[in-house]
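Nothing in this text is a laboratory measurement; each read-out follows from the coordinates by a stated rule. Note that the structure is a prediction, hence the values are computed from the model and not measured. Cβ atoms come from the backbone with ideal geometry, glycine included; neighbour counts cover every protein chain shown.
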Amino acid sequence: MKRTTTMACAALALIAGSTLGTPAFAVPVIDQTGNALANGSFESGSTNAITGNGGISSAASNWHQWENGGNGAPTSELITDAGMMAEFGLGVIDGDHAVRVTTLGGWDGLFTFNSFGHPGWNLYDAVTFSGWVYVVSGTMEFAVGSNQDGFTGTTASASSSWQFISVTSNAGQRNDEPLLYSHGGPSEFIVDAVWLNTGTTSNHPLQSLGNTQVPEPSVLALCGLGLLLLRGARIRPIANTVDAR
């Protein structure tokens with residue numbers, strides 16, 4: 001029965017697209033209460049690629065892009081859950097979109113600012129910036145701080161899975177600007193479900209997922225349906241199967 005159950009779930013997962021139309025892989029958008037960022041789940045913006053520099057608006061609403069090294073402007077675009085599944089075999093973390101960033105040099109990418117439509121936070125409190133990243137190539141950095149007092153960052157390198165990372169900038173310095181930057185050279189990375197809260201520990205509601213992709217709700221539902229159908233098939237009387245020859 002265990003082997004039959006596994007085969008049924010696998011088969012139903014494979015046919016999910018044809019049965020249900022466009023697959024719905026991602027979990028619902030998490031409650032943003034306590035997140036000092038606007039558009040932390042990157043559900044607002046454009047799936048069209050935007051290349052540019054000098055603080056222009058990125059493909060993700062409330063986020064802007066910058067290039068520091070003179071190697072060429074970064075590019076940003078929102079990637080859909082279905083697109084992520086098709087290209088990498090993993091869905092986004094939250095909602096139906098994540099933001100994809102491609103840089104040509106180090107310390108380039110996206111930033112946001114205290115005044116860019118965010119709920120606001122005490123600029124001199126300790127803050128913790130955290131979220132999920134899928135690094136396609138190179139190394140990227142989560143950083144938070146300010147041009148006035150400098151930035152504190154942590155890095156993630158290329159991996160075939162989502163990674164949760166978190167960085168804290170201490171009280172007493174100005175903390176008004178989170179960064180999603182390449183680190184040390186060109187990089188391509190996808191970011192989802194970022195979170196900024198005051199204090200020295202992350203309050204991110206999805207950090208307990210660890211670095212393991214969880215089964216998607218749609219697949220679990222299909223497995224349940226498959227088991228019900230299998231049960232029905234087992235108890236249904238067999239009829240019209242007698243060879244009349």
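When we screen Ala73, Ala59, Ala49 for residues that are over 26 Å from Ser160 (Cβ atoms), of a type outside the set (Ser, Thr, Tyr) and either over 13 Å from the mean Cα position of the chain (by Cα) or crowded, with 18+ Cβ neighbours inside 10 Å (or both), the only hit is Ala73.
Inclusion of Val127 among residues that are within 21 Å of Ala60 (Cα to Cα), of a type in the set (A, V, I, L, M, F, W, C) and touching a strand residue (DSSP E or B) at 6+ places or on another chain (Cβ under 6 Å) is not warranted.
Considering only residues of the range 94-103 that are under 22 Å from Pro74 (Cα atoms) and surrounded by 24 or more Cβ atoms within 10 Å (Cβ to Cβ), which is nearest to the chain's Cα centre (by Cα)? The extreme case among them is Ala98. For Asp81, indicate whether it is crowded, with 21+ Cβ neighbours inside 10 Å and either touching a strand residue (DSSP E or B) at 6+ places or on another chain (Cβ under 9 Å) or polar (S, T, N, Q) (or both). So Asp81 fits the description; yes. When the residues of the range 134-169 are filtered to those that are β-branched (Val, Ile, Thr) and within 14 Å of the chain's Cα centre (by Cα), the one that is surrounded by the fewest Cβ atoms within 10 Å (Cβ to Cβ) is Val136. Being within 26 Å of Thr201 (Cα to Cα), of a type outside the set (Lys, Arg) and crowded, with 19+ Cβ neighbours inside 10 Å holds for only one residue in Gly172, Gly131, Gly117, Gly106, and it is Gly131. Val144 - would you say it is farther than 21 Å from Ser202 by Cβ, in a strand (DSSP E or B) and in contact (Cβ under 8 Å) with a residue 40 or more places away in the chain? Criteria not met by Val144.
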